[in-house]
1. Please go through the range 77-179 and write out the trypsin sites (Lys or Arg not before Pro) that DSSP classes as loop and that have at most 16 other C-beta atoms within 10 Å.
2. Quick one: 3J(HN,Hα) in Hz for the range 147-156, Karplus 6.51/-1.76/1.60 with θ = phi - 60°, rounded, Gly and Pro as x.
3. Can you list residues whose amide H is under 5 Å from Ala159's amide H, if they're 5+ apart or on another chain and H is modeled 1.01 Å from N?
4. Among the chymotrypsin sites (Phe, Trp or Tyr not before Pro) within the range 36-112, which fall in a DSSP loop and have no more than 16 other Cβ atoms within 10 Å of their own Cβ?
5. Report ³J(HN,Hα) in whole Hz for each residue of the range 72-86, in order, from the Karplus equation J = 6.51 cos²θ - 1.76 cosθ + 1.60 where θ = phi - 60°; Gly and Pro get x.
6. Could you work out how far apart the two model spin labels at Arg12 and Arg111 are, taking each label as a point 7 Å from the Cα in the direction of the beta carbon, and quote it in nm?
7. Kindly state, to the nearest 0.05, the FRET efficiency for Arg87 paired with Leu133, given R0 = 25 Å and r defined as their beta-carbon distance.
8. For every other residue with a beta carbon closer than 14 angstrom to the beta carbon of Arg33, add +1 if it is Lys or Arg and -1 if Asp or Glu, then tell me the sum.
Amino acid sequence: MLTDNEQSVLERLLLREEIEQFYYHEAALLDNREFDQWIDLMADDIHYHMPIRRNVKFGEQFRENTSSQNEISWFDEGKRTLAGRVRQINTGIHWCEEPFSRIRHIITNVRVVDSKDDEIIAHSNFFVWQNRLQDEVNLFVGAREDVLRRDLDTRWKVAKRLILLDQNVLLAKVITTFF
């Protein structure tokens, strides 16, 4: 028989494993260009945000990321816009994805930060490698802060995703990948 503490530890480990498997499944969908299945993992009220990062002086870390409220971002989207991007890519005539890119998502350092009712806060790190045409390679490295919501059909849906790139200047000509 497990003690209450052991039971709690076991539940946290199982939850983290479940979230890791969700993230690996999501990455596989993106890498295999199964965008219609990927968009199903997004909640209807998702906020998908990638702020622009600034280099700031010590003590001004609060200014490092642009605000979605009143500043420009790389992405500041809801499900409707994400679904529109998916439809555009799926036409086969999306100029910056013709021919399509080869993309690989590496997800690591998955941490379940908090859990409340049917939502959890999870953080993870990512490395996304993209190869376009013959010699165009883009690397994206950073962290994600997600709110995941339990769902009967998909087990989890992403209700909020904050994407924090480690670079503040992007060398990629376009950003067509999803994070």
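The values are calculated or read from the model by the stated rules, or taken from the named source; none is laboratory data. This one's a predicted model, so the numbers in the text were calculated from it and none came from an experiment. Note that each Cβ is placed from the backbone with ideal geometry, even for glycine, and that neighbours are counted across all protein chains shown. In case anyone asks, the SASA skips ligands and DNA or RNA and just uses the protein heavy atoms, side chains included. Shrake-Rupley method; radii C 1.70, N 1.55, O 1.52, S 1.80 Å.
1. Hits after loop and neighbour filter: Lys173.
2. 10, 10, 10, 4, 9, 5, 7, 10, 6, 9
3. Ala43, Val147, Leu148, Arg149
4. Sites meeting the loop and neighbour criteria: Phe58, Phe100.
5. 6, 9, 5, 9, 8, 10, x, 5, 4, 5, 4, 5, x, 5, 4
6. Each label point is offset 7 Å from its Cα along the Cβ direction, giving 1.2 nm.
7. Efficiency at R0 = 25 Å is approximately 0.60.
8. -1
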